Every structure is written in structure tokens, then in C-alpha cells.
């Protein structure tokens, strides 16, 4: 009933490793972590402080990418991350050499995080969310269960995406997204309020998205309108910067 810990692994203070766990060489685990039974942590994985890796999780596996050629890439899991049962997390490829999960994030059971994904801080990925490669997710994002995200998609900060969604296009910050095909479903008012955004902030964001996703059916016209009619704010600049750099294009606007 012993676990296996490779002698080259670096284990911090007060780390509880349960029976049958496997910890490979070139693994670093910070202080105050819990590694559940039958969890597997493979080479190139760096885990921060206060993390929990539940039974059956397999982290640090090589990418499921035929272009992967054995490069010594890494998976970084920052502090206070919870990885629930049977999650699978791949290392990066030569594209970035890195996959990262931000601090305070919860990955529920059966989540898959593919190579070169960057997940922000304090995110929640519900059960059976699947991320393809090269995805960027901002801070405080919630992805509903059984959602699938296309490779190279970007999801902005403070966004919530409904369960069962197919995310094929970029999703800008501060909003709710739902329906099929995925489209704008309003500003994430509840989430923003909980995180200290004022009513004035939220109303300002509402006005930006009214122009972007409700009034206009042309993104170029909408951004020009926002630029000229909406007063400056960091939220305005964040949204416009995201829209201008949406390489996969934006999801659809409001749909009845």
C-alpha cells in the first residue's frame, strides 16, 4: 500500500501523499499539498503550495499532438489549485513549452486540459469540460459542465459560459455566453457584483456590449461607435483590445 516517489522529485513541507500515488522524476510539489490515492504526477510538473490532486487524476502527461517531438516542456499548477477525480492535464509543446493553471482554480472531475493552455486565476471548470490545445482563459472564468472549447480560442476575464456549450469563437470579458450556436446572453452582473464591481461599472459595461452585440451586426461599425460615443474607462479599453485581437473571430451577438 505504498506510494511511489522518485528520488529526484522535490517534495515540500507538510505534503500528504496517499497510498498508490505515483510521483515521477523532475516533479516539484510545494508545501501543504494533498496527493490522493492513485493520483499520477509525471515529469515536468511543478505544483505550488496548498494544492489538492484527487484520486485518478493524471497530470503532466505528454501532449496528444502528433507534432510533439519529446521536448522537455512543463506543466505549472499554481497555488491552491484543486484537481478533482480523473482530470487529465498535458504539458506544453514547442509552441510555448508550457501549460499553466492559475492559482485558486478548481478543475472538477473529468476535466481535460490539453497542451499549451493557459488558465487564469480563480477559475472554475465544471465536470467534463474539455479544452483543446493553445487555449487562453482569463481570470475568474466559469465554464459550465460538458463544454468543449476549440483550439486557439480565447476567453476573457470574468466570463461565464453555460453548460454543454460548444465554444468555437473567442468570448470577450465580463459577459455571459449560452445557446447554440454560442452567443451573447448579457453581462455577468452577478459575478461582477460579487467581485466588487460597482453598479456604475456594470452599467458602463452594459452600454459597451449593447453597441457591440445588440445594436450593430457589424463588428467594425460597433467598435467605431464604442470608440466615439463611450467615455474612456479601463473596461472599455480591455473590451476593445480583446475584440481587435480576436484571431478566431468573436462569438455571435444577441439572439432572440
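The values are calculated or read from the model by the stated rules, or taken from the named source; none is laboratory data. None of these values were measured; they are calculated from a predicted model. No Cβ is skipped: glycine too gets one built from the backbone with ideal geometry, and neighbour counts run over all protein chains shown.
In segment 240-255, which residue that is touching a residue at least 24 places away in the same chain (Cβ under 8 Å) and not in a loop (DSSP other than H, G, I, E, B) is farthest from residue 212 (Cα to Cα)?
242
If I ask for residues that are over 17 Å from residue 174 (Cα atoms) and surrounded by fewer than 16 Cβ atoms within 10 Å (Cβ to Cβ), which ones from segment 200-224 would you list?
Going through segment 200-224, the residues over 17 Å from residue 174 (Cα atoms) turn out to be 215-222, 224.
Those that are over 17 Å from residue 174 (Cα atoms) and surrounded by fewer than 16 Cβ atoms within 10 Å (Cβ to Cβ): 215, 217, 218, 220, 221, 224.
Quick one: in segment 177-199, which of the residues that are on the phi > 0 side of the Ramachandran plot and at pLDDT 95 or above is surrounded by the fewest Cβ atoms within 10 Å (Cβ to Cβ)? Break it down into steps so the answer makes sense when it comes.
If we filter segment 177-199 for residues that are on the phi > 0 side of the Ramachandran plot, which is where we start, we get 179, 186, 196.
Then drop every residue that is not at pLDDT 95 or above, which leaves 186, 196.
Details: 186: 15, 196: 7.
Looking at residues that are on the phi > 0 side of the Ramachandran plot and at pLDDT 95 or above, I get 196.
Tell me, yes or no, whether segment 74-94 has at least one residue that is surrounded by fewer than 18 Cβ atoms within 10 Å (Cβ to Cβ) and within 26 Å of residue 245 (Cα to Cα).
Looking for residues that are surrounded by fewer than 18 Cβ atoms within 10 Å (Cβ to Cβ) and within 26 Å of residue 245 (Cα to Cα), one finds at least one in segment 74-94, hence yes.
For segment 207-222, which positions are assigned to a helix (DSSP H, G or I) and in contact with a helix residue (DSSP H, G or I) (Cβ under 6 Å, 6 or more places away or on another chain)?
208, 211, 212, 222
Are any of the residues in segment 174-184 touching a helix residue (DSSP H, G or I) at 6+ places or on another chain (Cβ under 9 Å) and assigned to a loop (DSSP other than H, G, I, E, B)? So that I can check it myself, show each step before the final result.
Taking segment 174-184 as the starting set, the residues that turn out to be touching a helix residue (DSSP H, G or I) at 6+ places or on another chain (Cβ under 9 Å) are 174-176, 183-184.
Right, trim to assigned to a loop (DSSP other than H, G, I, E, B) and you get 174.
Yes: segment 174-184 contains one or more residues that are touching a helix residue (DSSP H, G or I) at 6+ places or on another chain (Cβ under 9 Å) and assigned to a loop (DSSP other than H, G, I, E, B).
Say we look at segment 144-160 and pick out the residues that are free of Cβ contacts under 8 Å to residues at least 40 places away in the same chain and more than 17 Å from residue 194 (Cβ to Cβ); which of these is nearest to the chain's Cα centre (by Cα)? Walk me through it before giving the result.
Pass one, segment 144-160, residues free of Cβ contacts under 8 Å to residues at least 40 places away in the same chain: 144-149, 151, 155, 158-160.
So of that shortlist, the ones also more than 17 Å from residue 194 (Cβ to Cβ) come out as 144-149, 151, 155.
Working: 144: 12, 145: 13, 146: 14, 147: 12, 148: 12, 149: 10, 151: 13, 155: 8 Å.
Looking at the filtered set, the residue picked out is 155.
Please verify whether segment 226-239 includes one or more residues that are assigned by TED's automatic domain parsing to the domain that holds residue 204, assigned to a helix (DSSP H, G or I), closer than 14 Å to residue 170 by Cβ and out of contact with any strand residue (DSSP E or B) (no Cβ under 6 Å at 6 or more places or on another chain).
Within segment 226-239, the first condition is being assigned by TED's automatic domain parsing to the domain that holds residue 204, and the residues that meet it are 226-239.
Then drop every residue that is not assigned to a helix (DSSP H, G or I), which leaves 226-229, 234-239.
Now restrict to residues that are closer than 14 Å to residue 170 by Cβ: 238-239.
Subset that is out of contact with any strand residue (DSSP E or B) (no Cβ under 6 Å at 6 or more places or on another chain): 238-239.
Looking through segment 226-239, at least one residue is assigned by TED's automatic domain parsing to the domain that holds residue 204, assigned to a helix (DSSP H, G or I), closer than 14 Å to residue 170 by Cβ and out of contact with any strand residue (DSSP E or B) (no Cβ under 6 Å at 6 or more places or on another chain).
Taking segment 43-53 only, how many residues are touching a residue at least 40 places away in the same chain (Cβ under 8 Å) and surrounded by fewer than 22 Cβ atoms within 10 Å (Cβ to Cβ)? Working first, answer last.
As a first pass, look at segment 43-53 and keep what is touching a residue at least 40 places away in the same chain (Cβ under 8 Å): 44-45, 48.
Subset that is surrounded by fewer than 22 Cβ atoms within 10 Å (Cβ to Cβ): 48.
Going through segment 43-53 one residue at a time, the tally reaches 1.
Every residue in segment 101-133 that is surrounded by fewer than 19 Cβ atoms within 10 Å (Cβ to Cβ) and either under 22 Å from residue 21 (Cα atoms) or at pLDDT below 95 (or both), please.
Across segment 101-133, the qualifying residues are 106, 109.
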